[in-house]
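Written below as structure tokens is the structure these notes are about.
The values are calculated or read from the model by the stated rules, or taken from the named source; none is laboratory data. None of these values were measured; they are calculated from a predicted model. Ideal geometry is used to build each Cβ from the backbone, glycine not excepted, and the neighbour counts take in all protein chains shown.
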Amino acid sequence: MRDIAILVMLIGVIPMILRHPWIGIIAWVVVSVMNPHRMAYGFSYSLPVALLIVIATLLGMLFSKEPKHLPLNSLTVTLLLFVAWMSITFVFALYPDLAYPQWVKIIKIMFMVFVGMMLLNSRYHLHALLWAIVVSLAFYGIKGGIFTLSTGGAFRVYGPPESEVADNNAISFALVMMLPLMYYLSSSIQGHREKLVRWGWYASMVLSTFSILASHSRGAFLALGAMTIFLWLKSKKKLPLGIVIALAIPLLIGFMPEEWSARMSTIQTYEEDASSMGRINTWWMAFNLAKDHPILGGGFQIYEPASFALWAPNPTDIHAAHSIYFAALGEHGYVGLSLFLTLLLLFWRSGSAVIRMSQGSSELTWAENLAQMLQVSIIGYAVGGAFLSVLYFDVLYYIIMCMVLLRTIVEKEVHATSLPFGRVLSVARTSANGINLIEK
């Protein structure tokens with residue numbers, strides 16, 4: 001039954017994509033993040049859903065008259081340079097056969113990100129993209145939260161099999177990044193009719209937090225703490241939110257079993273934990289490799305016995321990177337690490353620019369709020385990513401796409417209102433709103 005339902009949805013969305021190719025980007029995000037076909041058990045499980053959506057999107061672009069323009073700014077140019085540099089390091093990779101599948105995967109993600117930047121060009125498109133990302137992950141947050149509550153936190157929460165968020169660390173990390181965006185979507189809903197939806201988002205945030213804790217991921221736990229602090233700092237309702245956070249923390253932690261508390265306590269005694277020391281061993285391997293290959297690094301997939309034998313303090317303790325920073329350094333050298341750090345910095349500066357341009361304009365309050373929550377989301381990524389292998393996490397690049405689109409929209413609006421005719425329109429709208437309020 002699930003297989004048939006997925007097939008019907010796919011058949012239904014293809015004609016829409018051919019007519020409006022921007023819908024293909026939304027469908028791609030849902031498929032790549034939520035992986036609905038991985039919840040089936042028959043032919044749909046291995047159905048090339050993403051490929052069919054890409055083909056339909058490109059065909060739609062070819063025949064559609066909708067505007068197609070890649071916004072060129074410091075953020076998009078740096079992302080282009082980072083992708084280009086990863087392709088260069090792939091050519092000189094230490095293990096080319098192992099590196100090739102990873103390079104293909106990254107190129108697919110980045111290609112659709114840039115296509116998305118070309119096709120999405122309005123506030124409506126931006127919110128459709130946000131809902132696609134957040135709902136796709138909130139589904140697992142709600143599901144995992146209910147499971148955690150019903151089992152007393154006795155079991156770990158995982159994502160859909162054979163997906164980017166299959167691992168307990170990955171799904172919890174993704175949910176941490178989504179919490180501020182859930183908060184934005186809940187606060188952007190106005191009116192009494194939408195009150196139920198708003199409270200639905202609040203419930204989703206609570207259940208997703210239970211899922212994060214039940215994953216037993218220490219990296220996600222640290223990211224959750226950092227994200228919560230910045231969420232409070234960025235919020236315009238600091239007192240009520242602070243009270244909620246202060247009351248929620250002991251309740252959430254008190255609900256988790258002793259096994260969870262014991263695992264989290266190893267953060268303070270990491271030198272006694274084999275898993276933590278294994279990660280540090282891998283970081284030294286990446287650092288030592290970069291000393292020998294400072295420009296190009298070792299390329300994708302350097303976590304092989306031969307690499308550890310040459311560059312690791314303990315050659316027998318082999319792990320994945322478990323750090324976005326050491327992964328960038330070891331795989332792409334100091335140039336790659338610099339480009340990646342610049343990308344994160346420019347993301348933050350773009351958010352600050354949007355906040356600055358939006359202040360004082362009631363029509364851009366939504367943009368200011370969204371920019372702040374996107375910044376909070378990237379804080380969760382930057383902190384949690386220090387301990388997790390998520391350098392190529394597709395959700396990060398979809399969020400970058402959101403920031404690029406947001407800044408483009410705000411710049412157009414500010415430019416329009418700065419022109420004489422734009423100022424007249426702005427004053428006219430303000431006056432009309434004032435008249436409407438008087439009449440009410």
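Here are the numbers for this structure:
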{"quantity": "Those residues of region 74-97 which are exposed (fewer than 14 other Cβ atoms within 10 Å of the Cβ), among the hydrophobic types (A, V, I, L, M, F, W, C) and within 12 Å of Gly336 (Cβ to Cβ), in sequence order", "calculated": "Ala84"}
{"quantity": "Selection status of Ser217, among the polar types (S, T, N, Q) and either at positive phi or surrounded by fewer than 20 Cβ atoms within 10 Å (Cβ to Cβ) (or both)", "calculated": "no"}
{"quantity": "Contacts under 8 angstrom Cβ, first residue in region 145-157 being within 19 Å of Gly200 (Cβ to Cβ), partner part of a loop (DSSP other than H, G, I, E, B) and modelled with pLDDT of 85 or more, 6 or more apart", "calculated": "Phe147/Val157; Thr148/Val157"}
{"quantity": "The listed residue being assigned to a helix (DSSP H, G or I), β-branched (Val, Ile, Thr) and either surrounded by fewer than 19 Cβ atoms within 10 Å (Cβ to Cβ) or touching a residue at least 24 places away in the same chain (Cβ under 8 Å) (or both), out of Val376, Val390", "calculated": "Val376"}
{"quantity": "Single residue of Tyr140, Tyr100, Tyr124, Tyr183 found to be surrounded by fewer than 17 Cβ atoms within 10 Å (Cβ to Cβ) and either assigned by TED's automatic domain parsing to the domain that holds Gly333 or touching a residue at least 40 places away in the same chain (Cβ under 8 Å) (or both)", "calculated": "Tyr100"}
{"quantity": "Identity of the residue in region 303-324, surrounded by 16 or more Cβ atoms within 10 Å (Cβ to Cβ) and either of a type outside the set (Gly, Ala, Ser) or not assigned by TED's automatic domain parsing to the domain that holds Ser338 (or both), that ends up nearest to Val395 (Cα to Cα)", "calculated": "Ile324"}
{"quantity": "Residue list for region 201-214, restricted to those being within 17 Å of the chain's Cα centre (by Cα) and either surrounded by fewer than 19 Cβ atoms within 10 Å (Cβ to Cβ) or not assigned by TED's automatic domain parsing to the domain that holds Ile249 (or both)", "calculated": "none"}
{"quantity": "Criterion violated by Leu345 - all others in (1) modelled with pLDDT of 95 or more; (2) surrounded by fewer than 16 Cβ atoms within 10 Å (Cβ to Cβ); (3) more than 21 Å from the chain's Cα centre (by Cα) satisfied", "calculated": "(3)"}
{"quantity": "Condition check for Met264: surrounded by 16 or more Cβ atoms within 10 Å (Cβ to Cβ) and outside the structural domain of Ser87 (by TED's automatic domain parsing)", "calculated": "yes"}
{"quantity": "Enumeration of residues in region 79-123 that are of a type in the set (Ser, Thr, Tyr) and at pLDDT below 95", "calculated": "Ser122"}
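Every residue, every condition in (1) under 19 Å from Ile324 (Cβ atoms); (2) in a loop (DSSP other than H, G, I, E, B); (3) of a type in the set (D, E, K, R), yes or no:
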{"position": "Leu70", "(1), (2), (3)": "no, yes, no"}
{"position": "Val83", "(1), (2), (3)": "yes, no, no"}
{"position": "Pro101", "(1), (2), (3)": "no, no, no"}
{"position": "Lys108", "(1), (2), (3)": "no, no, yes"}
{"position": "Gly116", "(1), (2), (3)": "no, no, no"}
{"position": "Asn121", "(1), (2), (3)": "no, yes, no"}
